[in-house]
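Student: Supplied in structure tokens, the structure appears directly below.
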Amino acid sequence: MSLSCREDPEEPLTHIDEPKSLLVREALNSPAEARALTEIMLTIFRINGRLLEKGDALVRTLGITSAQWQVLGAVSLAAKPLTAPQIAEAMGITRQGVQKQLDRMTKEDLFEKRPNPRHERSSLYWPTPKGQQIYSEAMRRESLWAQELSEGLSGPELQGALDLLRQLHRRLEAPLPKEGE
């Protein structure tokens, strides 16, 4: 659901916009910082969708999807075998979604399942040599893509954006306000 009724969703909301719905009018009555944060959240939703779409295209010829790339990435970045719940937590996706990808990728010889000495029913997963090779190639492609996307952006701009997103991520760990607050 979008709070915006603008022609171009990339344009920020301003006091000049005339929202058509009550929901949008109520959102505009929020403090400026809350309105800006709402725009950031909506932009993140759009970016997430576009990243998944472009990521799928980037790794399609490797025989994987963005979701599978995420799972390979979580384990590769951890540099140790992980369980499905650990992968889900690391990547901010559901355990069920991770398990579905792990099952498929194990059948495709991209992951090997290992016994977990700490939990009999929660296996550990580690990329096979084939999985490692595919992940390495995906990251080579991503590096070239990131270089292209970052052209014209300054280091301080990018670092500021990263710092803000990390701060928001930490704040999202807090409970939601109770209804009526």
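Student: Using the alpha carbon gyration tensor of region 63-151, what are the three equivalent-ellipsoid semi-axes (square root of 5 times each eigenvalue), largest first, in whole Å?
Tutor: 24, 14, 11
Student: Hey, can you grab everything whose amide H is under 5 Å from the amide H of residue 83? Only 5+ residues off in sequence or another chain; H modelled, so Pro and N-termini drop out.
Tutor: Long-range HN contacts for residue 83: 125.
Student: For a Förster distance of 41 Å, can you work out the FRET efficiency between the beta-carbons of residue 130 and residue 150, rounded to the nearest 0.05? Show your work: numbers first, answer last.
Tutor: Details: r = 30 Å, r/R0 = 0.74.
The formula returns an efficiency of 0.85 here.
Student: Still on this structure, I have one more. Whole-Hz Karplus ³J(HN,Hα) for region 104-114, in order, using 6.51 cos²θ - 1.76 cosθ + 1.60 and θ = phi - 60°, x for Gly and Pro?
Tutor: Coupling constants for region 104-114: 5, 6, 5, 5, 8, 6, 9, 10, 10, 9, 10 Hz.
Student: How much length is gained on full extension from residue 47 to residue 142, taking 0.36 nm per residue of separation minus their Cα-Cα distance?
Tutor: Result for the pair: 32.6 nm of gain on full extension.
Student: If you don't mind, there's one more thing I want to ask. Can you check what the net charge comes to around residue 124, using other residues whose Cβ is under 13 Å from the Cβ of residue 124 (Lys, Arg +1; Asp, Glu -1)? Let's see the in-between values first.
Tutor: Details: positive: 80, 113, 114, 118, 121; negative: 112, 120.
With Lys, Arg at +1 and Asp, Glu at -1, the net is +3.
Student: So, one more: By what distance, in whole Å, do the Cα atoms of region 88-139 stretch along each of the three principal axes, largest value first?
Tutor: 32, 23, 17
Student: Suppose the chain between residue 54 and residue 109 were pulled fully straight at 0.36 nm per residue; how much longer would it get relative to their current alpha carbon spacing?
Tutor: 17.3 nm
Student: Any idea how many Lys pairs in region 43-181 come in under 24 angstrom at the alpha carbon, given 8 or more places apart or on separate chains?
Tutor: Counting lysine pairs in region 43-181 gives 10.
Student: Okay, next question. Can you give the extra length, in nm with one decimal, that the chain gains between residue 167 and residue 30 once fully stretched, where that is 0.36 nm per residue apart less the Cα-Cα distance? Could the numbers behind the result be given before it?
Tutor: Details: separation 137, 0.36 × 137 = 49.32 nm, distance 2.09 nm.
Length gained, residue 167 through residue 30: 47.2 nm.
Student: Take 71, 98, 59 and order them by how many other Cβ atoms sit within 10 Å, fewest up front.
Tutor: 59, 98, 71
Computed from the coordinates by the stated procedures, all read-outs in this text should not be read as laboratory data. Keep in mind the model is a prediction, meaning the values are calculated, not measured. FYI the Cβ positions are ideal-geometry reconstructions off the backbone, even for glycines, and counts take in every protein chain you see.
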